[in-house]
């Protein structure tokens, strides 16, 4: 009996985490969407009522989760107010939904009365998003609304990064090499269902001496810093050879290519090209999920 009790205790302590890990593994990699599709995307209630749309996405380096910025429009009597929330508060529409716009809407599973008490700001007067404290009230309000496997928001006072962008601001931003030469312009971001930026598309044709060429680059391969006389200029750099960029996976624009550009197997090959570990695997995983097996 004693041996049995010890064995049972071992299962209780060790077995449950193993079962949890197996359950998480079964979920597979996160769903990835392009920022150009997300901005302007409709947001609906659990009952299917239109609540508003995504106005922008606030992103950070180092794998930190993004914040969705929503407008609720006249339906909630909010006027020109905007509302930021951790990305993982939002849900995808159920695969069995009868709606025909499954890929063009996200669900916000909060009732209208609760939303009326959410922290917001005026459209014409954004908060200082470079200040880590700006999300403190937001994180507290939505603390109980995150998806079960979402990474807990880093406490505002513990954050060290002041490098923060709106996704709409990043388009057209310069990407430099360590020598200060311009490699190209950032054209697109891919963001996963946990709010993490997966990769970016950069136009590198000028640097390569060719016509316009779009290549995909892992978010983790980029370095972000502050420069300029006042240390207020945000700098994006990539340590890459010309040969590596020439052979980098091509980013293909257009509706017909969206599925392939968001395919986890393709993203895995992209990370391999730049010798970056795939962020959804291993001990540093932000989603604790693994890509599907072949």
Exercise. For residues that are at pLDDT 90 or above and part of a loop (DSSP other than H, G, I, E, B), scanning just region 125-142, find the one that is surrounded by the most Cβ atoms within 10 Å (Cβ to Cβ).
Key: 142
Quiz item: Scanning region 172-202 for residues that are without any contact (Cβ under 8 Å) to a residue 40 or more places away in the chain and touching a helix residue (DSSP H, G or I) at 6+ places or on another chain (Cβ under 8 Å), which turns out farthest from residue 242 (Cα to Cα)?
Solution: 200
Quiz item: Across region 54-74, what is the total count of residues that are at pLDDT 90 or above and touching a helix residue (DSSP H, G or I) at 6+ places or on another chain (Cβ under 8 Å)?
Solution: 7
Quiz item: Hey, any hits in region 274-286 for a residue that's modelled with pLDDT of 90 or more and under 20 Å from residue 174 (Cα atoms)?
Solution: yes
Self-check item: Selection within region 191-230 - on the phi > 0 side of the Ramachandran plot and buried (at least 20 other Cβ atoms within 10 Å of the Cβ)
Solution: 195
Practice problem: Being part of a strand (DSSP E or B) and modelled with pLDDT of 90 or more is the filter; apply it to region 143-174 and report the residue that is surrounded by the most Cβ atoms within 10 Å (Cβ to Cβ). | Solution: 166
Practice problem: Have a look at 234, 258 and point out the one that is in contact (Cβ under 8 Å) with a residue 60 or more places away in the chain, in contact with a strand residue (DSSP E or B) (Cβ under 9 Å, 6 or more places away or on another chain) and in a helix (DSSP H, G or I). | Solution: 258
Quiz item: For the subset of region 91-110 comprising residues that are assigned to a loop (DSSP other than H, G, I, E, B) and modelled with pLDDT of 85 or more, which member is farthest from the chain's Cα centre (by Cα)?
Solution: 110
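The values are calculated or read from the model by the stated rules, or taken from the named source; none is laboratory data. Computed from a prediction, not measured in an experiment: that's the story for all the values here. We place every Cβ from the backbone using ideal geometry, glycine too, and count neighbours over all the protein chains shown.
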